[in-house]
Amino acid sequence: MTYSMTAFARKEQSYDFGTLSVEIKSVNQRYLEPTFRMPETLRPIEMKLRELLKKRVKRGKLEVNAKFYSASGEQALDIDESRLKAVTGALNKLEGSVNNSAPVNLIQLLQYPGILIDSEIDAEQVQQEMTQLFNAALDDFLAGREREGAVLAEAIEERLVDITAIVEAIRAEVPEWVQTFRDNLREKAQNLGVEMDADRLEQEVVLLAQKADVAEELDRLDGHVKECRSILKQKGAVGRKLDFLMQEFNREANTLGSKATKESITRNAVQLKVLIEQMREQIQNIE
């Protein structure tokens, strides 16, 4: 199954205590790079949400934006005594080991994550509901990735079909290509006024044909096409495998182009490189 790295999902739900909303959006990235933005009420579940995300998403630069709107409007703020005690205890240890330390600013202390809480809401209930809402948004997000991934896989398949057609066309031209060697050698000998016997001519043709033999490159291109189709059917993140395979495609296309002495084969080699580059661009979007 092929997944795109680009997707967007949004969920919003109203409750007695207020309204929760969460957005998940992503763009291409070599590794998984999630960023979470959320109010302090939801901050205690950030690590849990990160773990849920990592279990189902392997690559991409993701931005998760979670919001909470209290039904009471104006928040009645209170202090989390246990959190405050832990922070001040850590500050006291630092003060005892650091010379000339500046006094603690109370406003800055209040801004420390988790110190201020909304005393009129059940924070645990809010966090539980957000976890469920996040899972629902993640379902939609992955469904969007899957739909986009199917489009990418279809685009790659179209180019694989074209590559196969070009490989078959080149393979069909090989006998005529060898005959071209023979004709060119005979013509050069005649132009130079040199009599070339049939055996010597065939020896030279064989040598030229060996140097320009592209059968191995064509066979490898066929193998790469089959491997690409196999990878596209695999589960999980396949983008890196496909990206490596494009390097192998390019290597064979380059060798084919360097060996080509026939104009039509040179054109086909160039077209192969165009198709491979188009696939590579699509694969940059695949997880």
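The values are calculated or read from the model by the stated rules, or taken from the named source; none is laboratory data. Source: prediction; values computed, not measured. Cβ: placed from backbone, ideal geometry, glycine included. Neighbour counts: every protein chain shown.
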Problem set entry | Hey, residue 265 in contact with an Asp or Glu (Cβ under 7 Å, 6 or more places away or on another chain) and either farther than 24 Å from residue 142 by Cβ or touching a residue at least 12 places away in the same chain (Cβ under 8 Å) (or both) or not | yes
For this session: Select from region 30-46 the residues that are over 20 Å from residue 127 (Cα atoms) and either surrounded by 14 or more Cβ atoms within 10 Å (Cβ to Cβ) or touching a His at 6+ places or on another chain (Cβ under 6 Å) (or both) and list them in ascending order.
Result: 32
Problem set entry | Residues located in region 223-253, provided they are under 29 Å from residue 266 (Cα atoms) and part of a loop (DSSP other than H, G, I, E, B) | none
For this session: Have a look at 53, 62, 49 and point out the one that is buried (at least 17 other Cβ atoms within 10 Å of the Cβ), of a type outside the set (Asp, Glu), modelled with pLDDT of 95 or more and in a strand (DSSP E or B).
Result: 62
Exercise. Among the residues of region 220-238 satisfying the criterion of being under 10 Å from residue 1 (Cβ atoms) and hydrophobic (A, V, I, L, M, F, W, C), which is surrounded by the most Cβ atoms within 10 Å (Cβ to Cβ)?
Worked result: 238
Seminar exercise, completed: Of the conditions (1) touching a Phe, Trp or Tyr at 6+ places or on another chain (Cβ under 7 Å); (2) touching a residue at least 40 places away in the same chain (Cβ under 8 Å); (3) assigned to a loop (DSSP other than H, G, I, E, B), the single one that residue 39 does not satisfy is (2)
Exercise. Residue 200: farther than 30 Å from residue 54 by Cβ and modelled with pLDDT under 60, yes or no?
Worked result: yes
For this session: Could you please find all residues in region 1-36 being touching a Phe, Trp or Tyr at 6+ places or on another chain (Cβ under 9 Å) and β-branched (Val, Ile, Thr)?
Result: 19, 22, 24
Exercise. Of everything in region 1-25 that's hydroxyl-bearing (Ser, Thr, Tyr) and in contact (Cβ under 8 Å) with a residue 40 or more places away in the chain, which residue is nearest to residue 125 (Cα to Cα)?
Worked result: 15
